[in-house]
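In what follows, a single structure is set out as structure tokens and then discussed.
The values are calculated or read from the model by the stated rules, or taken from the named source; none is laboratory data. Computed from a predicted structure; not experimentally measured. Positions of Cβ are backbone-derived with ideal geometry, glycine not excepted, and every protein chain shown enters the neighbour counts. Ligands, DNA and RNA are stripped out before the accessible areas are found, and what is left, the full protein with its side chains, is counted by its heavy atoms. Shrake-Rupley method; radii C 1.70, N 1.55, O 1.52, S 1.80 Å.
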Amino acid sequence: MYASREDIGYDFGDDSKVGSKPVKPNPNIDGGWAWMIVLSSFLVHMLIMGSQMALGILNMEWLEEFNQSRGLTAWVSSLSMGITLIVGPFIGLFISMCGCRKTAIIGGILNALGWILSAYASNVHYLFLTFGVTAGIGSGMVYLPAVVMVGQYFQKRRALAQGLSTTGTGFGAFIMTALLKYLCTEFGWRNAMFIQGAVSLNLCVCGALMRPLSPKDVVSEKYSVRSNSEGNQTKGLSHSAETIKSNGVLSEELEKKEEATNEEVIDSVQHIEIGGKSRSGRSMYGLRILKTVSQLTVTVRKGFAIWYSSYFGAASLFTNRVFVAFIIWALFAYSSFVIPFIHLPEIVKQYNLSGQNNIFPLTSIIAIVHIFGKVILGIIADLPCISTWNVFLMANFTLVTCILTLPLMQTYVSLAVVCALIGFSSGYFSLMPVVTEDLVGIKHLANAYGIIICANGISALFGPPFAGWIYDITQKYDFSFYISGSLYMVGIIFLLIQPCMQKKQPREKTKEEAQA
């Protein structure tokens, strides 16, 4: 059974040097500034995910303003939500080159620009570009660093920290819904989007709080986790571990050679600059520009090399079969959570439960319990006697069961109970970064989690329109839940099968064992 990344065995580096020379851990790991990172991530989730869950308010305004079909207008919100997640792998490249802080600040500016430009929309297609694409990419550039930074600053209480930070989605859904509704009533939807764009500039402040850890601190963090877990965890899946580890060493050797070449280029520029001090000021200014361009080129090449090797190189993330199964699961999982938010109001209307639903909406029940689910599941997953992987799987089984049984409920009380279970079990979202880090390690968390949220984005982009298409054919929402739930179950089965298959693979003998 899954326990940690030592069991999955996805380590890209040789840690023998680290183990022989332990480093004093940074006091900001699991404490100190780490809680400011949690606050920053909480605000990011509130401003981005909370705003996206409140887009129903603006969707009604767009329908009235542009007189387009519901399907076409719904693509504006769907594009924004989908692109936020789909761009994850490419945002990983920005993080490799610029770091989380700069990426988040640039993303905050881009997100605010998308909101402000959307205030001048003349048609729905204009919103596709400004709100769907521009604001969506900006949201993705802030969202991924917010998740990655929490993973870097926490080890002992990672699940709890991720749970607390992602509760910003639930709080944001309430706050942003009320804010957008008030702004649209008082100032109109165009001015509301302009004001929301100004509010989104606070994402730049959140990005500024993402103070990066030094490489020494990351090494220290990695050493402390490994030393604590080696005494308690068995070395399952050792064949997979050794294979990927050897690939990682190869990748690091190539990276060191490239760094040496790049340093020679900069040294040669510096030598020319020193030798040319007697030249004119214009020549010196040109040399400084050349030096800056050379340093920027080195940074870009190094970041691209790390990003490329993670996806396509010898140390590719896709050599980990469990991680590939995780991607397949992500392709089907997110739509099962989004579809109820879109179709529940119509289901309630069909069952003549609108009066009770207006008093306490079922979607509000999901959002409220979802907040508690993230925190509680995070606390449970951090207990030393409980596996994060088992908590993750149990929450998924509960959610898929609720999705499959929801169409059978025809009273408000039964629907409320199922919605509460959906909200609580979907709290496993806070465990996704933790499980991803256990699979690939902290060094490759940005690229790996970028792939996972990209798969979620594809699910969010095509899931709701697919459910609407099924309704147009069958005139029932039941089949939308049955089909999405069945696909979701297929993804869970992949998560169960792959670890078992890897455990059965025989381990290759080392050279020492072969000689003996």
Legend entry - Residues located in segment 422-462, provided they are more than 11 Å from the chain's Cα centre (by Cα) and under 26 Å from residue 77 (Cβ atoms): 422, 423, 424, 425, 426, 427, 428, 458, 459, 460, 461, 462
Legend entry - Pair list, Cβ < 6 Å and 6+ apart or interchain, from segment 37-63 residues that are assigned by the TED database to the domain that holds residue 174 to residues that are open to solvent by 30 Å² or more (accessible area, probe 1.4 Å): 38/164; 40/209; 46/171; 52/81; 54/177; 57/181
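Looking at this structure, is residue 176 assigned by the TED database to the domain that holds residue 67, outside any loop (DSSP other than H, G, I, E, B), within 22 Å of residue 364 (Cβ to Cβ) and out of contact with any His (no Cβ under 8 Å at 6 or more places or on another chain)? Spell out the reasoning first.
Details: assigned by the TED database to the domain that holds residue 67: yes; outside any loop (DSSP other than H, G, I, E, B): yes; within 22 Å of residue 364 (Cβ to Cβ): yes; out of contact with any His (no Cβ under 8 Å at 6 or more places or on another chain): yes.
Yes.
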Inset, instruction - Could you look through segment 54-63, keep only residues that are over 17 Å from residue 114 (Cα atoms) and touching a helix residue (DSSP H, G or I) at 6+ places or on another chain (Cβ under 7 Å), and pick out the one that is surrounded by the most Cβ atoms within 10 Å (Cβ to Cβ)? - result: 57
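Can you find a residue that is within 21 Å of the chain's Cα centre (by Cα) and of a type in the set (S, T, N, Q) anywhere in segment 350-365?
Checked segment 350-365: no residue is within 21 Å of the chain's Cα centre (by Cα) and of a type in the set (S, T, N, Q).
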Inset, instruction - Hey, could you check segment 382-405 for residues that are aliphatic (A, V, I, L, M) and touching a residue at least 12 places away in the same chain (Cβ under 8 Å) and say which is farthest from residue 480 (Cα to Cα)? - result: 391
Legend entry - Cβ pairs under 7 Å, 6+ apart, first in segment 197-208 and not assigned by the TED database to the domain that holds residue 102, second buried (at least 16 other Cβ atoms within 10 Å of the Cβ): none
Inset, instruction - For segment 1-63, please list each of the helices (runs of 4 or more DSSP H) lying entirely inside it that holds at least 1 residues being modelled with pLDDT of 50 or more and within 19 Å of residue 382 (Cα to Cα). - result: 34-47
Inset, instruction - Go through the residues of segment 415-423 one by one and say whether even a single one is modelled with pLDDT of 85 or more and not in a helix (DSSP H, G or I). - result: no
Inset, instruction - Return yes when residue 209 is surrounded by 18 or more Cβ atoms within 10 Å (Cβ to Cβ), hydrophobic (A, V, I, L, M, F, W, C) and under 22 Å from the mean Cα position of the chain (by Cα) and no when it is not. - result: yes
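Per-residue answers, yes or no, for (1) open to solvent by less than 40 Å² (accessible area, probe 1.4 Å); (2) under 20 Å from residue 206 (Cα atoms); (3) aliphatic (A, V, I, L, M); (4) touching a helix residue (DSSP H, G or I) at 6+ places or on another chain (Cβ under 7 Å):
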| residue | (1), (2), (3), (4) |
| --- | --- |
| 85 | yes, yes, yes, yes |
| 95 | yes, yes, yes, yes |
| 102 | no, yes, no, no |
| 111 | yes, yes, no, yes |
Inset, instruction - Evaluate segment 476-492: report whether one residue or more is open to solvent by 100 Å² or more (accessible area, probe 1.4 Å), modelled with pLDDT of 50 or more, outside any helix (DSSP H, G or I) and on the phi > 0 side of the Ramachandran plot. - result: no
Legend entry - Scan of segment 369-382 for residues that are open to solvent by 60 Å² or more (accessible area, probe 1.4 Å) and closer than 25 Å to residue 339 by Cα, ordered by number: 372, 376
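Considering only residues of segment 388-413 that are polar (S, T, N, Q) and open to solvent by 30 Å² or more (accessible area, probe 1.4 Å), which is farthest from residue 493 (Cα to Cα)?
411
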Inset, instruction - Identify the single condition in (1) among the β-branched types (Val, Ile, Thr); (2) open to solvent by 10 Å² or more (accessible area, probe 1.4 Å); (3) closer than 18 Å to residue 153 by Cβ that residue 37 does not satisfy, given that it satisfies every other one. - result: (2)
Legend entry - Subset of segment 357-368 (residues that are of a type outside the set (A, V, I, L, M) and open to solvent by 40 Å² or more (accessible area, probe 1.4 Å)): 358, 360, 361
Inset, instruction - From (1) open to solvent by 20 Å² or more (accessible area, probe 1.4 Å); (2) part of a helix (DSSP H, G or I); (3) of a type in the set (A, V, I, L, M, F, W, C); (4) over 23 Å from residue 104 (Cβ atoms), pick out the condition that doesn't hold for residue 385. - result: (2)
